[in-house]
Amino acid sequence: MRGAVDRRAVEQWVADYERLWRTPETARLAELFLPDATYLPSPWARPMEGLDQIARFWDAERDGPDEEFTMSSDIVAVEEDTAVVRVLIEYGAPGSRPWRDLWVVRFGDDGRCSSFEEWPFAPDQPDGH
């Protein structure tokens, strides 16, 4: 059985994720992710594998450390080595839309992420009706 995480560890990981998203470059991703971690930016995306692919994705997706946004989160569930986190991100640029995300995060024994899966939702997304 893999190691269990608790809510406090998940809260810290989410805070570190936001801090590193706001940090120039991606040299410190190994603080968050295991070397062979997988990262799914949406349930339909092809998973990125390893720190190099995750770093390229982060560099392409963010506007840099000066990007204006606020992020809040709520831990929905924690069981064994897996957490589900609801995240709200509001960008500061005029005309920006907020994003609601669900993150499914699986942790390795040392507390770093082994698998990250994001389910992003925007307000103008079709609701399926």
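So here's what we get for this one:
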item: For the range 1-67 and the range 75-119, distance of Cα centres in Å; result: 10
item: Extended-chain gain in nm, criterion 0.36 nm per residue less alpha-carbon gap, residue 7 and residue 60; result: 16.0 nm
item: Local net charge near residue 32, Cβ-Cβ under 9 Å (Lys/Arg +1, Asp/Glu -1); result: 0
item: Within the chain, helix-based [θ] at 222 nm, where runs of 4 or more DSSP H residues each add -39,500 (n - 2.57), nearest 500; result: -6500 deg cm²/dmol
item: Option label - volume of the Cα convex hull per residue in Å³ computed here, alternatives (1) 107; (2) 117; (3) 95; result: (2)
item: Check: the chain dipole with +1 on Lys, Arg Cβ and -1 on Asp, Glu Cβ, in debye; result: 100
item: With Cα atoms, 0 to 90° folded angle of helix 7-21 axis to the chain main axis; result: 50
item: Residue among 27, 83, 37 with the largest mean-square fluctuation in a Gaussian network model of the chain, springs linking Cα atoms under 10 Å; result: 27
item: Amide hydrogen neighbours beyond the local backbone of residue 37, cut-off 5 Å, H modeled; result: 50, 51
item: Contour minus Cα-Cα distance for residue 52 and residue 36 (0.36 nm per residue); result: 4.8 nm
item: Nearest-ten-degree value, helix 51-61 long axis tilted from longest Cα axis of the chain; result: 10
item: Residues residue 110 and residue 22, FRET efficiency given R0 of 25 Å [Cβ-Cβ distance, rounded to 0.05]; result: 0.60
item: In Hz, Karplus ³J(HN,Hα) per residue of the range 26-40 (6.51, -1.76, 1.60; θ = phi - 60°; x = Gly, Pro); result: 10, 5, 9, 4, 5, 6, 9, 10, 5, x, 9, 4, 10, 9, 10
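Each value in this text was obtained by applying a stated rule to the coordinates, not by laboratory testing. Worth saying up front: this structure is predicted, and the values here are computed from it rather than measured. Cβ atoms come from the backbone with ideal geometry, glycine included; neighbour counts cover every protein chain shown.
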